[in-house]
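Heads up, the thing below is written out as structure tokens.
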Amino acid sequence: MLGIIRAKGCILYDEDGREYIDGISSWYTCMYGHCNDYILSHVKKQMSELDQVVFSGFTHQPAVELSEALIKILPENQQKLFFSDNGSTATEIGIKMALQYHFNHGHKRNVLLAFEEGFHGDTFGAMSVSGLSVYNGPFEDFFIDVERIPVPNSDNIQALLAHLKTRLQTEDIAGFIYEPLVQGAAAMKMHSASGLEQILGLMQEHQVLTIADEVMTGFGKTGKHFASDYLRIKPDIICLSKALTAGLMPMAITTCTMQVYNAFYSDEIAKGLFHGHTYTANPLACTAAIAGISLLQSDEIQKNIKRIITSHQNFEKEIKKHPKVLATRQCGIIFALDLKTKTERYGSLRDKLFKHFMDNGIFLRPLGNTIYILAPYVISQDEMEKIYSGIRSALNLV
Ligand SMILES: *Cc1c(COP(=O)(O)O)cnc(C)c1O
């Protein structure tokens, strides 16, 4: 365990005075840099006005303002927001929405579809749909009913669509949950928008609600505000957290279409979606989120995103020829490379690489044989070059 005492911009400072470049944005959260002055100033002001209030029967200005700002940048079919407080509950609520949507319509649909190797969080519904079973062994007997499909690629897409066409004849599938374009916990595995789009099209034809888990991909990481912006077919439900609050406070939002919302809007109390957490829509978290969204839309951040993309593309061209590199991939500001070694998610190679990076003042978290970068948008080119050179020297350890 390493004690971190301070963070500013892209740098973490430990208790012995050492510095580390935060190459994974503290799990994809602090995209505008740690302790960002603009965000802090807004949150400090909010802190002395309204710290916390029950979000049941009450509302407040930061929640209203955030809703308006978010709806402006979300895919245009997303009209209603459901607040909660972390990424797992964002997906849990998405799953509950999909199941209850059909229930409220008087249909029995009890199965969910999900991608192999997906990760959606650590609560029970979220664990059930997550395909990375290393985490979930002791709990599998208690899961909800989930069927898995592989992520689409040009080799399997026709077979996959054929399978789904047959499978969807039995009308028991309530929803399909997926990480659009990039599967974070599966070591930044990427798939193309066109395959996913065809799957979503089929789901829509069969009234299967589509749930985009954008907890990781949301707020600019893929180069657009949301990964779903790359797809012509928009999801029914979107799950957001992580960079939503710019790394300052935990919060989450599950968004949906009017059609989904209308299935719950009724005088019958049992038609409502009962899910409320104590810190739901915390005013300070909402304030951080409003400030974050305004930074995301700024010219400065958009320019930084473009710079990082170009920088990654150049690095990719160089590094993919390295004899130790098996494969490279990049989507927006996310870059990943696989090493030519056997894959052990938490093996000794991973530990050796981690130590190498930390010794060089770089915080990266290799997964199995994959090294990936997901740095804050405010990273300087010098800092990025330091990460690249840390990766170059790491390849000599393999
Ligand atoms: C991190 C993550 C979650 C879970 O979010 P927590 O806030 O850690 O509960 C869910 N889905 C995806 C895609 C994630 O990356």
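The values are calculated or read from the model by the stated rules, or taken from the named source; none is laboratory data. A quick note: this is a predicted structure, and the numbers were derived from the prediction, not measured. All Cβ positions, glycine included, derive from the backbone under ideal geometry; neighbour counts span all protein chains shown. What goes into the accessible areas is simple: the full protein's heavy atoms, side chains included, and nothing from ligands, DNA or RNA. Shrake-Rupley method; radii C 1.70, N 1.55, O 1.52, S 1.80 Å.
Legend: P(r) of the chain from all alpha carbon pair distances, 10 Å bins from 0, whole percents, reading 5, 22, 32, 26, 12, 3, 0. Rounded to two decimals, the Cα-based Rg/Rh of the stretch 325-381, with Kirkwood Rh, is 0.98. Treating cross-link reach as a plain straight distance, find the lysines whose alpha-carbon is under 18 Å from the alpha-carbon of Lys355, omitting any fewer than eight places away in the same chain. Cross-link targets: Lys386. Note: the stretch 288-329, Cα convex hull, 78 Å³ per residue.
Among the chymotrypsin sites (Phe, Trp or Tyr not before Pro) within the stretch 23-70, those in coil by DSSP and having at most 15 neighbouring Cβ atoms inside 10 Å are Phe58. Let a ≥ b ≥ c be the square roots of the eigenvalues of the Cα gyration tensor of the stretch 62-186; is it rounded (a/c under 1.5), or, if not, prolate (a/b larger than b/c) or oblate? Taking the square roots of the gyration eigenvalues as a ≥ b ≥ c, the stretch 62-186 is rounded. Rolling a 1.4 Å probe over the protein chains gives Glu15 an accessible area of about 120 Å².
Taking 7 Å steps out from each Cα toward its Cβ at Asp359 and Ala159 produces label points 4.4 nm apart.
Here Asp382 and Met258 are evaluated by their C-beta separation; at R0 = 45 Å the FRET efficiency comes out at 0.40.
Across the stretch 303-398, Cα pairs under 8 Å and at least six residues apart give a relative contact order of 27 percent.
Pairs over the 27 Å Cα-Cα cut-off, from the set Lys72/Lys165; Lys224/Lys317; Lys80/Lys306; Lys221/Lys342; Lys8/Lys72; Lys234/Lys271: Lys72/Lys165; Lys80/Lys306; Lys221/Lys342; Lys8/Lys72. Two numbers describe the Cα atoms of the stretch 74-113: Rg and Dmax, which are 11.9, 30 Å.
The figure for Asp172 is an accessible area of roughly 40 square angstrom, using a 1.4 Å probe on the protein chains alone. Protein-only accessible surface at a 1.4 angstrom probe places the residues Phe315, Phe124, Phe142 in the order Phe142, Phe124, Phe315, largest first.
Taking a ≥ b ≥ c as the square roots of the eigenvalues of the alpha-carbon gyration tensor, the stretch 169-288 is classed oblate because a/c is 1.5 or more while a/b is no larger than b/c. For the chain, the per residue solvent-accessible surface stands at 44 Å², with DNA, RNA and ligands left out and a 1.4 Å probe. The solvent-accessible area of Val111, taken with every protein chain present and a 1.4 Å probe, is close to 10 Å². When the P(r) of the stretch 272-398 is calculated, the portion above 16 Å amounts to 68% of the C-alpha pairs. Extending 7 Å from the Cα toward the beta-carbon at both Tyr265 and Ser389 defines two label points whose distance is 5.8 nm.
Only Cα pairs under 8 Å and 6+ residues apart enter the sum, and on that basis the relative contact order of the chain stands at 23 percent. Shown here are the Rg and Dmax of the Cα trace of the stretch 1-45, at 11.3, 34 Å. Which residue, chosen from Ile308, Tyr388, Ile293, occupies the Cα position most advanced towards the positive end of the dipole of the stretch 281-398, where the dipole is computed from +1 (Lys, Arg) and -1 (Asp, Glu) charges on Cβ about the Cα centre? Result: Tyr388.
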